[in-house]
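**Student:** The structure that follows is given in the form of structure tokens.
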Amino acid sequence: MKGPIHIVVLGKEGVGKTALVVRFLTKRYLSEYAQTDEAIYERNVSVDERNTALRFTDISGKDVERRAANKEMISKMDGIIVVYSIIDRHSFDVAKNIISWLQRERRPAPPIPLLLLGNKCDLGHRRVVESPGLDSPDWQTDSDCFLRFECSACDDVDGVDEVFTKFIRKIQEKRDPSSKPPRKVNHHSSGLGSPTQLRAAIRRRFSVFNRDRTTF
Ligand SMILES: Nc1nc2c(ncn2[C@@H]2O[C@H](COP(=O)(O)OP(=O)(O)OP(=O)(O)O)[C@@H](O)[C@H]2O)c(=O)[nH]1
């Protein structure tokens, strides 16, 4: 039996990486998190009635390009989520740099599923990064392993769930090509990453006192 699905979440500081992971795992949105270099969240979810253990490594956006270039860490992952904010052009450039580095460094290893995720769609009136679908040819990625979506951790619980679900399906397909097309993801508690452990991990990060952050 294969171990948990390992997913790393990368992206510039403040784009909403933690908010997205917490939203997916708990359905909740917390507006401020204590900043840590790295946080790990584990939980079992049911994907098409199959129990699936997930492990998210949430890397701080501080100095993210250097951290993302950690070959050893990246090589252990089953999937990579690169987040940017649709209202922060520089965060999109950082995301592109990370993806270029991944493509360069992983060759000739087989590609692993990669999700480019634009966050903060609730702030559409301040959008500076175009929507997916207007992709430029610089996305020379393995299209079978590459997904690109937008969502809002803040006000779109279903959208976040749908995007993460699609990505988990893609990873499952790659890990087990014979797996049937999944239909849904339901959260439930048990084993790895019980709700208590998860709550403790989130509580450690949930702090309005540890930093003063404004929304980009
Ligand atoms: N408007 C809006 N704000 C968001 C959204 N997601 C996150 N935020 C806000 O953006 C700020 C940063 O969110 P985090 O989840 O801490 O961002 P991060 O990418 O994990 O940041 P680092 O850990 O510093 O790299 C917080 O103030 C969040 O409330 C969103 O979808 N919409």
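**Student:** What ranking of K17, K27 emerges when the number of other C-beta atoms within 10 Å of each C-beta is taken as an exposure proxy, fewest first? Present the calculation step by step, with values, prior to reporting the outcome.
**Tutor:** Working: K17 28, K27 12.
So the ranking, lowest neighbour count to highest, is K27, K17.
**Student:** While we're here: If neighbour count is taken as other Cβ atoms inside 10 Å, put V83, V47, V128 in order from fewest to most.
**Tutor:** So the ranking, lowest neighbour count to highest, is V128, V47, V83.
**Student:** For Y29, enumerate residues with amide H under 5 Å from its amide H, sequence gap 5+ or separate chain, H modeled in the peptide plane.
**Tutor:** Here the answer is none, since no amide H 5 or more places off falls under 5 Å of that of Y29.
**Student:** Separate question: Run the numbers for D158 and E105: contour at 0.36 nm per residue of separation, minus the present Cα-Cα distance, in nm. Let's see the in-between values first.
**Tutor:** On the way: separation 53, 0.36 × 53 = 19.08 nm, distance 3.41 nm.
Extra length from D158 to E105 when fully extended: 15.7 nm.
**Student:** Each label point is 7 Å from the Cα along the Cα-to-Cβ direction; what then is the distance between the points at D144 and E49, in nm?
**Tutor:** Inter-label distance under the simple model: 2.8 nm.
**Student:** Lys and Arg at +1, Asp and Glu at -1: add these up for the other residues within a Cβ distance under 10 Å of I7 and post the number.
**Tutor:** -1
**Student:** Could you tell me which of rounded, prolate or oblate describes segment 5-175, using a ≥ b ≥ c as the square roots of the eigenvalues of the alpha-carbon gyration tensor, with rounded for a/c under 1.5 and, failing that, prolate when a/b is larger than b/c and oblate otherwise?
**Tutor:** Because its axes are fairly even, with a/c under 1.5, segment 5-175 counts as rounded.
Bear in mind that the values in this text are calculations on the coordinates, not laboratory data. Being a predicted model, the structure only gives us computed values, none of them experimental. With ideal geometry, Cβ positions are generated from the backbone for all residues, glycine too; neighbour counts draw on all protein chains shown.
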